[in-house]
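A quick write-up on the structure given underneath.
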Amino acid sequence: MSTIGVGLQWLIATLRGDTTLRGYAPGGVHLDVAPVDTATPFIVISFDSGSDTTNANGVRLLTNAVYQVKASGPASQIEAVDNAASRIDDLIGEPKRTPDGLVIHCSRESPVQYGELVGEAKWTNFGGLHRLIIEKS
Amino acid sequence: MAEGFNHWLAIAEALDKECQEIAVDTAAEAKKNIKQRITANGQVQTGFMRDGIYTVSRKGSDYTGGKDALPPIAKPTSKYAARYAAAARYSIHQNNGTRYIPPRPFFGPGTERTRPYLDARMAGIEEKLRGAK
């Protein structure tokens, strides 16, 4: 699996595995965009950017990958959206070494918050850009 | 009697100047990389979002405004800092995605692509100081 895929898999497993987050975001965790009619709020993960770390001979050792992880929902559910984002921050926001696997570090690099119009309804998004350091498999 | 025995003043002044220039030039490089990424992502219709990427330092700003533009960001307070930003109001929706549109990020990738430039400029500081007299 690619290092980007490893990072995505780790994020999805970590967030889907948390019962507290499932309570705040009953719509679940989705890649890039949630299907139509998904319950709200929901979580969306997407790859943002990245760079590789190589050794002196140009062999890739690590990938520094940044992912956007956000909770989305109607502005009328702003408290639930914010609670979900706070839970995401608890789970993957602070610098930590992960206990096993190829993802050896994760931390939040910057917050994300913006609104949008969905039809005539106001929606809101809370989350952050999270940097993962992933070993080459 | 000797009044001076080294080039400390010239070196210090050259370092100060170079540190300011690195900040301004790095912001300009980031702007270029972000614009390239917008084009590569196929996000150009009118060109307003691409052309709305701008830089701000104490030397000035190339913000151009427009009907769909956000207000300009503040100038940095330090002379060793420079900023770059997206003026188009809808940039964040293109970059971060919406309810029905997947993200097509350009700001982060453009920034990441700028890191080697900053590293190279920092590595070149010593060489710049050698010429200071």
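The values are calculated or read from the model by the stated rules, or taken from the named source; none is laboratory data. Not measured: the values here are computed from a predicted model. Reconstructed Cβ throughout: ideal geometry from the backbone, glycine too, with neighbour counts over all protein chains shown. Keep in mind that these areas ignore ligands, DNA and RNA; they rest on the heavy atoms of the full protein, side chains included. Shrake-Rupley method; radii C 1.70, N 1.55, O 1.52, S 1.80 Å.
Key figures for this structure:
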{"read-out": "Test result for A:Ala56, more than 11 Å from chain B (Cβ to nearest Cβ), over 25 Å from B:Pro116 (Cβ atoms), hydrophobic (A, V, I, L, M, F, W, C) and out of contact with any Asp or Glu (no Cβ under 6 Å at 6 or more places or on another chain)", "value": "no"}
{"read-out": "Residue ID - farthest from the other protein chains (Cβ to nearest Cβ), chosen from residues in segment B:99-115 that are farther than 26 Å from A:Pro35 by Cβ and of a type outside the set (Phe, Trp, Tyr)", "value": "B:Thr114"}
{"read-out": "Single residue of segment B:44-98 satisfying the filter (in a helix (DSSP H, G or I) and open to solvent by 30 Å² or more (accessible area, probe 1.4 Å)) that is farthest from the other protein chains (Cβ to nearest Cβ)", "value": "B:Asp51"}
{"read-out": "Criterion (buried (at least 19 other Cβ atoms within 10 Å of the Cβ), farther than 22 Å from A:Gly7 by Cβ, within 10 Å of another protein chain (Cβ to nearest Cβ) and modelled with pLDDT of 95 or more) met by exactly one of A:Gly115, A:Gly127, A:Gly73", "value": "A:Gly73"}
{"read-out": "Residues of segment B:39-57 that turn out to be under 21 Å from B:Pro71 (Cβ atoms) and over 12 Å from the mean Cα position of the chain (by Cα), as a count", "value": "7"}
{"read-out": "Residue that is within 14 Å of another protein chain (Cβ to nearest Cβ) and assigned to a helix (DSSP H, G or I), where the choices are B:Leu118, B:Leu129", "value": "B:Leu118"}
{"read-out": "Of all residues in segment A:82-96 being over 11 Å from the mean Cα position of the chain (by Cα) and of a type in the set (D, E, K, R), the one that is most open to solvent (accessible area, probe 1.4 Å)", "value": "A:Glu94"}
